[in-house]
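Presented below is the structure to which this report refers.
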Amino acid sequence: MKKIALLSVFSLLLSVFAFAQTASTTPTKKAEELVKFAETRHDFGKIKQGVPVTYDFAFKNIGSAPVVIESATASCGCTTPVKPEKPVAKGKSDVVKAGFNAAAAGPFEKTIFVKVAGADQPLELKIAGQVLSADDYAKYEAEKAKGK
């Protein structure tokens, strides 16, 4: 009886390990194989505090089927990404819009995580710049006008 019980446990463990190995070795696509962004980083430069800015990260579907952007999430609440709501057909282009509220003065770098259906890891888009107070921005604009 002990032999039958031991053999049953061994068979069960063997099958669990076999299924675990096949599940972990199934190939997954990288997001870069499905979509190609024109650029993954944008620098706004110097912007005025309290004046929101946006940038459109353009991409093209380079896969063999329509692609769905499942989600676009930001590293903080000051950044608001907007993803396409409909699938993007093979060979077609669309954008992920990145908004930044510019509420706090100082330099910034924010990340937007874009999850593409069928890809194992999200893509990262980055926005950066420096938010200047109203007075500092006025000085910056005056200096820039002198330089022209």
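Structure data summary
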quantity: Extended-chain gain in nm, criterion 0.36 nm per residue less alpha-carbon gap, Ser71 and Ala58; calculated: 3.1 nm
quantity: Peptides ranked, highest mean first, by Cβ atoms within 10 Å: ranges 58-69, 37-48; calculated: 58-69, 37-48
quantity: Debye, to nearest 20: dipole size of region 31-146, +1 on Lys, Arg Cβ, -1 on Asp, Glu Cβ; calculated: 260 debye
quantity: Spread of Cα-to-Cα distances over 5 Å intervals beginning at zero, given as percent, for region 75-148; calculated: 3, 12, 18, 17, 14, 11, 10, 7, 6, 3, 0
quantity: Using a Förster distance of 25 Å, the FRET efficiency for Val51-Glu124 (Cβ separation, nearest 0.05); calculated: 0.45
quantity: Net dipole in debye of region 99-145 [+1 Lys, Arg Cβ; -1 Asp, Glu Cβ; about Cα centre; nearest 20]; calculated: 140 debye
quantity: Spatial separation of Cα centroids for region 38-108 and region 110-136, in angstrom; calculated: 7 Å
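No lab work stands behind these numbers, since they all come straight from the coordinates. Source: prediction; values computed, not measured. Please note: Cβ atoms are built from the backbone with ideal geometry, for glycine as well, and neighbour counts cover all protein chains shown.
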